[in-house]
Structures are given as C-alpha cells and as structure tokens.
Amino acid sequence: MKFFVDTADMTEIRDLAETGLLDGVTTNPSLIAKSGRRILDVIAEICEVVPGPVSAEVAATDHATMLAEGRRLAKIAPNVAVKVPLTRDGLRTCRALADEGRMVNVTLCFSAAQAILAAKAGAAFISPFVGRLDDVGQDGMMLIAEIVEIYRQYPAFETEVLVASVRHPQHVVESAKMGAHVATLPPSVLRQLFNHPLTDKGLAGFLADWKGTGQSILDDGAPVAAE
Ligand code: E4P
C-alpha cells in the first residue's frame, strides 16, 4: 500500500520524506490556502522533494478553464497529478487530460457510481472521502470496499483507489485489508502509525538491560565478560 501525505506544509513534507516511507503528496485548495503560498511555487517545491505523484487541484468549475488550469499545473513537473472534482465538467476534463498522457486524481468522490465514472474517464486515482462520509453518519469504509470490489471485476480499469479524508490509523488498516492502493494521510495520522505503547515499553527494557552490559556496538575495543 502506498502512503501519501495530505498537506502543503513543506516542513511536514520534508520531515516525513526523510523516513523513506512517503510515496506521494496530495493538496487541495484549502491546504494551499493554509500554506499562505502561491500554488505554483509550493507545488514546484513539493515535486522537488517527493518524486512520487503530487496532486494539485484546479480551482475552476467549467471544463475549458479546468483544462487550461490542469495543463498549467501539469507543466510544473512530470510528477504532478492534476486533481479535478467529481463533476460532469471535472470528468470531461479528466478524460481530456488523461488522453494527453497526464495523471489525474478525481476528488470528492462519495459514491461507487461516481468511482465507476472516474475509472471510465481514465483517472489515475479516485479519491473517496471516508472521514467526511463518517461525519454525516454514513460508513466511509463501506464505500472503499465497494469501489475496490468493482474495480477488481474490470482489469482494464487502471484507476487506483486513493483513500482520502482519513481521520485515524484504523481507516488505514481497514483500507489495507480491503486492498486499496493508496491512502493519503494528514501528517498527524501518518505519525500515529509508528506508535504502540508496548514498543516504547519494550525498547525501554532492552535499553536498560543493554546499559548494564557496558558494551558499545561501535567501540569494539571493550572486552566482554565470558558467561
Ligand atoms: C484528499 O485529497 C483531500 O485533500 C483530503 O483527504 C480531504 O480531507 P478532509 O476531509 O480531512 O479535509
């Protein structure tokens, strides 16, 4: 399963990229606004740090302007995935950009029917928003299960399921069990994945015992007492 981080904050992106576990980045107009920077600058900088797909979203809602914006965003770097909303014009734009060989991420997906349309439109990624469905009392993970199952029936569909609006590690684990290709995570959730209290407790015990030996792995001069 691939992990993308859902942010336009360069400090977070650089920090998480250092782990070697980051496969891509997603942004949206709200995240760009939060960064306080120009979209063209921040996307270019992200693309330099992360070689995987970097989603940059169009801001227009009509096909002609979306297409122009999408082409402009795609020109920033070869790893830009143009993000378009799941509307009729958005899917038309997706088809046009995909036919030009560009990666498209279709966002704001809330139904399996919408996901089928995105695959037919040649999307590289479909982004179902699980957290926002949970927020309105629906089951976000059920939608992921449905889309994964549908896409499996059609090997010609090349669209990857990119689980979005992730709120906690359980969303990630459930998505992985279902076979979703990608999850895009807020930095805080990505960091949560590393943690378990028993890991901390176990490590503290190992380190205390190790200290008692007086050994150093890097200093091979110290004699070790035979048992
Ligand atoms: C995905 O690409 C979106 O940017 C994101 O996951 C939206 O998540 P939110 O519901 O937390 O805003």
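The values are calculated or read from the model by the stated rules, or taken from the named source; none is laboratory data. Everything numeric in this text was worked out from a predicted model, so none of it was measured. Cβ placement follows ideal geometry from the backbone for every residue including glycine, while neighbour counts extend to all protein chains displayed. Accessible surface areas use protein heavy atoms only, side chains included; no ligands, DNA or RNA. Shrake-Rupley method; radii C 1.70, N 1.55, O 1.52, S 1.80 Å.
For Lys34 paired with Val173, estimate the spin-label separation in nm (one decimal), with each label point 7 Å from Cα along the Cα-to-Cβ line.
With each label placed 7 Å out from Cα toward Cβ, I get 2.5 nm.
Putting +1 on Lys and Arg Cβ atoms and -1 on Asp and Glu Cβ atoms, find which of Gly70, Thr27, Val49 reaches farthest to the positive end of the dipole of the chain.
Gly70
In segment 150-227, which chymotrypsin sites (Phe, Trp or Tyr not before Pro) fall in coil by DSSP and have 10 or fewer other Cβ atoms within 10 Å? Don't skip to the end; give the middle numbers.
Values: sites: Tyr151, Phe157, Phe194, Phe206, Trp210; in loops: Phe157, Phe194.
Of the chymotrypsin sites (Phe, Trp or Tyr not before Pro), the ones in loops of segment 150-227 whose Cβ has at most 10 other Cβ atoms within 10 Å are Phe194.
With +1 on each Lys and Arg Cβ and -1 on each Asp and Glu Cβ, how big is the dipole of segment 65-122 about its Cα centre, in debye rounded to the nearest 20? Write down the numbers at each step before the final one.
On the way: 9 positive and 4 negative charges, 11 e Å.
Here segment 65-122 has a charge dipole of around 60 debye.
Can you tell me the length gained on complete extension of the stretch Leu21 to Asp220, counting 0.36 nm per residue apart and subtracting the Cα distance?
Values: separation 199, 0.36 × 199 = 71.64 nm, distance 3.24 nm.
Length difference between fully extended and current span is 68.4 nm.
For the chain, what does the convex hull of the Cα positions come to per residue, in cubic angstrom? Could the numbers behind the result be given before it?
Values: hull volume 39.3 nm³, N = 227.
Convex hull of Cα atoms, per residue: 173 Å³.
Place a point 7 Å from Cα of Asp99 in the direction of its Cβ. Which residues in segment 60-82 have their backbone N less than 17 Å from it?
Answer for this model: 63-71.
Specify whether the C-alpha gyration tensor of segment 45-122 places it in the rounded, prolate or oblate class, a ≥ b ≥ c being the square roots of the eigenvalues: rounded for a/c under 1.5, otherwise prolate if a/b is larger than b/c and oblate if not. Don't skip to the answer; put the middle values down first.
Numbers: a/c = 1.90, a/b = 1.49, b/c = 1.28.
Here segment 45-122 falls in the prolate category.
Probe radius 1.4 Å, ligands and nucleic acids left out: which of Ile43, Ile76 has the largest accessible area, and how do the rest follow?
Accessible-area ranking of Ile43, Ile76, largest first: Ile76, Ile43.
Might you work out the accessible area of Lys201 for me, using a 1.4 Å probe with all protein chains in place, and round it to the nearest 10 Å²?
Around 150 Å² of this residue is reachable by solvent.
Which of Leu91, Leu73, Leu207 moves the most in a Gaussian network model of the chain with Cα springs under 10 Å?
Comparing Leu91, Leu73, Leu207 in a Gaussian network model of the chain, the most mobile one is Leu207.
What dipole magnitude, in Debye to the nearest 20, does segment 2-212 give about its Cα centre under +1 on Lys/Arg Cβ and -1 on Asp/Glu Cβ?
Numbers: 21 positive and 25 negative charges, 53 e Å.
Dipole about the Cα centre, nearest 20: 260 debye.
Lys and Arg at +1, Asp and Glu at -1: add these up for the other residues within a Cβ distance under 12 Å of Lys83 and post the number. Walk me through the numbers before you get to the answer.
Values: positive: Arg102; negative: Asp6, Glu57, Glu69.
Neighbourhood net charge equals -2.
Lys83's amide H: which non-local residues (gap 5+, or another chain) put their own amide H closer than 5 Å, with H modeled 1.01 Å from N in plane and none for Pro or chain starts?
It is Ala56, Glu57, Val58, Asn105, by chain and number.
Mind running the shape call on segment 113-227? Use the C-alpha gyration tensor, a ≥ b ≥ c as the square roots of the eigenvalues: rounded below 1.5 for a/c, prolate if a/b tops b/c, oblate otherwise.
Note, shape of segment 113-227 comes out prolate.
With θ set to phi - 60° and the Karplus curve 6.51 cos²θ - 1.76 cosθ + 1.60, what are the ³J(HN,Hα) couplings of segment 3-8 in order, to the nearest whole Hz, using x for Gly and Pro?
After applying 6.51 cos²θ - 1.76 cosθ + 1.60, I find 10, 10, 10, 9, 6, 10 Hz.
Quick one: compute the contact order of the chain, relative version, from alpha carbon pairs under 8 angstrom and 6+ residues apart, as a percent. List each step's numbers first, then the result.
On the way: 385 pairs, mean separation 36.1, N = 227.
With pairs under 8 Å counted, the relative contact order is 16 percent.
Rg over Rh of segment 97-171, using C-alpha atoms and the Kirkwood radius, what does it come to? Before the final figure, lay out the partial values.
On the way: Rg = 12.3 Å, Rh = 12.5 Å.
Reported Rg/Rh, Kirkwood definition of Rh: 0.98.
Convex hull volume of the Cα atoms in segment 1-99, per residue, in Å³? Before the final figure, lay out the partial values.
Numbers: hull volume 9.4 nm³, N = 99.
Residue-normalised Cα hull volume stands at 95 Å³.
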